[in-house]
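Some notes on the structure that comes next.
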Amino acid sequence: MYVSSLTPQVTDASGEGIGTGYQNSVAIVNQSGNLAATSAAVRARAYTGGSKSDWFLPSKDELVELTSIIFDEGEFDSANWQFGWYWSSTEL
């Protein structure tokens, strides 16, 4: 996997499995030198929508699971689906 020299390296945000997204997000937020203005993890952790304050970026496997649930449970509307890029808290 190619990683640009411009890509910031985050310590302790390598969890890929189910249940690791929250800790990855916290590690990203706590990283020294983190650019809060452009960090998706900082924005997710600061979000308070739905009267909740525990938002976080999903790990790689959590994101895959969310996607599979959308397809498996018939929530998928092919006429309105737009595949795009989604942020994950997993470092690589």
query: Within the set of pairs 6 or more residues apart or between chains, which connect a residue that is at pLDDT below 80 inside segment 81-92 to a residue that is part of a loop (DSSP other than H, G, I, E, B) and of a type outside the set (Lys, Arg) with Cβ atoms less than 8 Å apart?
result: Glu91/Gln9; Glu91/Val10; Glu91/Ala13; Glu91/Ser14; Leu92/Met1; Leu92/Val3; Leu92/Ser14
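So that you can scan it fast, the table gives a plain yes or no per residue for (1) in contact with a Pro (Cβ under 8 Å, 6 or more places away or on another chain); (2) at pLDDT below 90; (3) surrounded by fewer than 19 Cβ atoms within 10 Å (Cβ to Cβ):
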| site | (1), (2), (3) |
| --- | --- |
| Ile28 | no, yes, no |
| Gly33 | yes, yes, yes |
| Thr38 | no, yes, yes |
| Thr48 | no, no, yes |
| Leu57 | no, no, no |
| Glu62 | no, no, no |
| Leu66 | yes, yes, yes |
| Ile70 | no, yes, yes |
- request: Consider only pairs whose beta carbons are under 6 Å apart and that are at least six residues apart or on different chains; among these, list those whose first residue lies in segment 9-33 and is in a helix (DSSP H, G or I) and whose second residue is open to solvent by 100 Å² or more (accessible area, probe 1.4 Å).
  value: Ala27/Asp12
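The values are calculated or read from the model by the stated rules, or taken from the named source; none is laboratory data. From a predicted model like this one, the values you see are computed outputs, not experimental measurements. A quick note on method: Cβ atoms are made from the backbone with ideal geometry, for glycine too, and the neighbour counts reach across all protein chains shown. Heavy atoms of the whole protein, side chains included, go into the accessibility calculation; ligands, DNA and RNA do not. Shrake-Rupley method; radii C 1.70, N 1.55, O 1.52, S 1.80 Å.
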